[in-house]
Amino acid sequence: MDIADKLARTHLLTKTEAMELLEHAEDRELAKRLAQDAVELRKKYYGDKVFTRGLIEFTNYCKNDCYYCGIRRGNLHAKRYRLTRDEILECCENGYELGFRTFVLQGGEDPFYTDERMEELVREIKGKYPDCALTLSIGERSREAYGRFRKAGADRYLLRHETADEEHYRKLHPKEMSLAVRKQCLNDLKELGYQVGAGFMVGSPGQTLECLAEDLVFLQELRPEMVGIGPFVPHHESRFAGEPAGSVELTLFLLSVIRILLPKVLLPATTALGTMDPMGREKGLEAGANVVMPNLSPVKNRKQYDLYDNKISTGEESAEGLERLKKSVALAGYRLVCERGDFIGQ
Ligand code: 5AD
């Protein structure tokens, strides 16, 4: 296909080309070809390494009400928890002993964790583990706050844009949230020198191929160091409870396209992908992903970080499952490594 050829040669797609490519997403031959190109590029830049990030889901309190999400504030049935500073440090300690050299502090937008508290936490973790990369994933904050976290030692920031289409963004979020603010946050984070992760759900309600084409164009413009994508999975306590889940196949197709567009990008095989398909993670690697994010959160709280139904939490995606994960990654032909795995430049 001409567009696949062009993509492989130039690592560029216009919106129209992206649409045309996506219209053929069900073409098995095309998907295979893109996956081959993607795997080759990943190999060229990262060899057979698959990077690990230790995920610490430290609070499920959230002031936002994103319609798709199980921990939105409107879900009165969510059992809320918040790890204490000591518990968070303990997660890091466990992770460090297991060999992890990157920690991701992820949480809802929890007002208890003020800018001051977050800054202090970052300083403390980086003081104890200066050899580790620290990633924050705590949503929208002021540029000033992002600057303070960065100064305190935070290296990376994950903030999915969720959808780059204005109208679609409004379907997924209440009116107090906006795509413009989300984009501003991502730009601020970039300017402050974070390695930035954007991303979106595949198959979220109301998503069209045009929305996805817009996502691909947006990623080309932003040039994030990381991109997190996973299928939408309905949550039973949300207005999207009855909506169909996103497609694993389309997620894999998009992983390949993103790898070719941004050859050096750090691309996780996400938990949502692993939730929708028991072989999802391995399939993600075969499609061009090169990161996995095992869960370092205390086992007692894992079920509570309930973003969507049936979210896996104690299998190979967990820190205890690390040995099994190593084996399954090795079986897929890759090597799981614990090093920081910094972005290697555009
Ligand atoms: N299905 C899939 N992914 C979800 N997320 C939130 N809710 C869902 C859902 N129902 C994703 C969002 C968010 C990330 C932490 O989890 O993209 O950015």
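The values are calculated or read from the model by the stated rules, or taken from the named source; none is laboratory data. Only a predicted model underlies this, so the values are computations on that prediction, with no experimental measurement involved. As a convention, Cβ positions derive from the backbone with ideal geometry for all residues, glycine included, and neighbour counts pool all protein chains shown. Side chains included, ligands, DNA and RNA excluded: accessible areas come from the protein's heavy atoms. Shrake-Rupley method; radii C 1.70, N 1.55, O 1.52, S 1.80 Å.
A count restricted to the stretch 301-323 and to residues that are part of a helix (DSSP H, G or I) and open to solvent by 40 Å² or more (accessible area, probe 1.4 Å) stands at 2.
For (1) touching a Ser or Thr at 6+ places or on another chain (Cβ under 6 Å); (2) among the β-branched types (Val, Ile, Thr), each residue gets a yes or a no:
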{"residue": "ALA4", "(1), (2)": "no, no"}
{"residue": "LEU12", "(1), (2)": "no, no"}
{"residue": "ALA18", "(1), (2)": "no, no"}
{"residue": "GLU29", "(1), (2)": "no, no"}
{"residue": "ARG33", "(1), (2)": "no, no"}
{"residue": "ALA38", "(1), (2)": "yes, no"}
{"residue": "THR59", "(1), (2)": "no, yes"}
{"residue": "LYS79", "(1), (2)": "no, no"}
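Of the residues making up the stretch 261-300, those that are surrounded by fewer than 21 Cβ atoms within 10 Å (Cβ to Cβ) and farther than 20 Å from LEU331 by Cβ number 5.
Take the conditions (1) away from the ligand (no atom under 14 Å from the Cβ); (2) of a type outside the set (Lys, Arg); (3) surrounded by fewer than 19 Cβ atoms within 10 Å (Cβ to Cβ); GLY74 misses just one of them, which is (1). If you go through the stretch 202-217 and pick out every residue that is open to solvent by less than 20 Å² (accessible area, probe 1.4 Å) and within 15 Å of the ligand (Cβ to nearest atom), you end up with 6. Within the stretch 77-100, the set of residues being aliphatic (A, V, I, L, M), open to solvent by 10 Å² or more (accessible area, probe 1.4 Å) and closer than 23 Å to ALA133 by Cα comprises LEU89, LEU98.
Selection of the stretch 238-279 for residues being of a type in the set (Asp, Glu) and within 17 Å of TYR308 (Cβ to Cβ) yields GLU243, ASP277. Scanning the stretch 10-31 for residues that are farther than 21 Å from GLY203 by Cα and open to solvent by 70 Å² or more (accessible area, probe 1.4 Å) yields a count of 2.
Tell me yes or no: at least one residue of the stretch 219-232 is near the ligand (Cβ under 10 Å from one of its atoms), more than 22 Å from ILE260 (Cα to Cα) and not polar (S, T, N, Q). The answer is yes; a qualifying residue exists. One residue stands out in the stretch 243-260 among those that are small (Gly, Ala, Ser) and within 13 Å of the ligand (Cβ to nearest atom): the one that is surrounded by the most Cβ atoms within 10 Å (Cβ to Cβ), namely GLY246.
The number of residues in the stretch 156-180 being touching an Asp or Glu at 6+ places or on another chain (Cβ under 8 Å), in a loop (DSSP other than H, G, I, E, B) and either modelled with pLDDT under 95 or hydroxyl-bearing (Ser, Thr, Tyr) (or both) comes to 1. Put simply, of LEU34, LEU55 the only residue that is buried (at least 21 other Cβ atoms within 10 Å of the Cβ) and within 16 Å of the ligand (Cβ to nearest atom) is LEU55. Here GLN184 does not fit the description of being within 20 Å of THR14 (Cα to Cα) and either in contact (Cβ under 8 Å) with a residue 24 or more places away in the chain or away from the ligand (no atom under 16 Å from the Cβ) (or both). Residues of the stretch 253-265 include none that is within 30 Å of HIS77 (Cα to Cα) and of a type outside the set (Gly, Ala, Ser). Can you find a residue in the stretch 282-295 that is in a loop (DSSP other than H, G, I, E, B), without any contact (Cβ under 8 Å) to a residue 40 or more places away in the chain and out of contact with any strand residue (DSSP E or B) (no Cβ under 8 Å at 6 or more places or on another chain)? No, the conditions are met nowhere in the stretch 282-295.
Scan the stretch 101-153 for residues that are among the aromatic types (Phe, Trp, Tyr), open to solvent by 60 Å² or more (accessible area, probe 1.4 Å) and more than 20 Å from ASP65 (Cβ to Cβ) and the total you get is 0. Considering GLU339, GLU237, GLU316, GLU320, the condition of being closer than 26 Å to LEU105 by Cβ, of a type in the set (Asp, Glu) and in contact with a Phe, Trp or Tyr (Cβ under 8 Å, 6 or more places away or on another chain) is satisfied by GLU339 alone.
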